[in-house]
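The values are calculated or read from the model by the stated rules, or taken from the named source; none is laboratory data. In this text the structure is predicted, and so the values were computed from the model without any measurement. Every residue, glycine among them, receives a Cβ derived from its backbone with ideal geometry; neighbour counts consider all protein chains shown. With ligands, DNA and RNA removed, areas are computed over all heavy atoms of the protein, side chains included. Shrake-Rupley method; radii C 1.70, N 1.55, O 1.52, S 1.80 Å.
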Amino acid sequence: MRLMGGRLCLDFLNTNAFRSGTPREWLTTYDQLLTFAARTAALEPAELETLRGVSLEHPKQAAAVTELARTWREALYNAVVRSPAQTDLQTLNAVIAAAHTHRQLSHTQDGYAWTWTAPHLELPLWAIALDAAALLADGLATRVRTCPGHDCGWVFLDAGRGKPRRWCAMDLCGNRAKIKEFRSKHQVKQS
Ligand SMILES: [Zn+2]
C-alpha cells in the first residue's frame, strides 16, 4: 500500500482502499495491522516484535482487535469525511481514552519521551487514535480531501500551501486524468 494521506490516521483510512470504486479491504489480519504500524513508523521495531509474539499467543484477541480497528476506522472516516453519528464519536472516544490511559512519560538517555505502559494488542490502534484526536482537535478535518480520480476515493491532507492538492498522487490519478483530458480533446479535434 502507498502512504499518501500526509497523516498517520489518514493513511489508516486508506487501508480500506478505493472507496469510490470497488472497495478493497487491506486490513484483514492482525499481522497487516502490524505491517501498517511498521510502514508508518507508528510504533518502534521492538514494540512491533513484542506484539507479534503476543498476537501469536492470543490469536482470538488479535482477531478481535483487528475487527475493532476496522470498526474504529469507519467511525473515523465518518468523522473526517462525512458527518459523524453519536455512535461514531463514542467509538472514537473509547479508543482515544484507552490510548491516553496507557501513555506515560519515561526518562531516557535523551530526556523524556512518551512511551506505552504495556505491550497491549491495541497499541497500533492507540497510536493512530492519538494522531486522529490531534487532527480533529486542531480543526484539520476541513483540510482533508478525497481524491476524485476514477475508482479512487483515497483521503489526504491538503497542506494548504501554494496550489491546492487535488489528487492522491500525481503519478496515479493525476496523470490518468491528464491522459483522459488529452484524449477527449484529441477526439474533439478529429471529429
Ligand atoms: Zn486518487
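Quick notes
- Test for Gly162: is it within 16 Å of the ligand (Cβ to nearest atom) and over 20 Å from Ala69 (Cβ atoms): no
Listed here are the residues, each with its yes/no results for (1) charged (D, E, K, R); (2) touching a strand residue (DSSP E or B) at 6+ places or on another chain (Cβ under 6 Å); (3) within 16 Å of the ligand (Cβ to nearest atom).
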{"residue": "Thr117", "(1), (2), (3)": "no, yes, no"}
{"residue": "Leu125", "(1), (2), (3)": "no, no, no"}
{"residue": "Ala132", "(1), (2), (3)": "no, no, no"}
{"residue": "Leu135", "(1), (2), (3)": "no, no, no"}
{"residue": "Asp138", "(1), (2), (3)": "yes, no, no"}
{"residue": "Cys147", "(1), (2), (3)": "no, no, yes"}
{"residue": "His150", "(1), (2), (3)": "no, no, yes"}
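- Hits in segment 167-187 - residues which are within 9 Å of the ligand (Cβ to nearest atom) and charged (D, E, K, R): Arg176
- Listed by position, the strands (runs of 3 or more DSSP E) enclosed by segment 104-191 that each have at least 1 residues that are polar (S, T, N, Q) and under 20 Å from Arg73 (Cβ atoms) are 144-146.
- Residue in segment 168-177 that is open to solvent by 50 Å² or more (accessible area, probe 1.4 Å), in contact (Cβ under 8 Å) with a residue 12 or more places away in the chain and among the small types (Gly, Ala, Ser) present: no
- Verdict on Trp154 being touching a residue at least 60 places away in the same chain (Cβ under 8 Å), open to solvent by 30 Å² or more (accessible area, probe 1.4 Å) and closer than 18 Å to Leu8 by Cβ: no
- The helices (runs of 4 or more DSSP H) found wholly in segment 1-88 and carrying at least 1 residues that are open to solvent by less than 60 Å² (accessible area, probe 1.4 Å) and of a type in the set (D, E, K, R) occupy 8-13, 45-57, 59-80.
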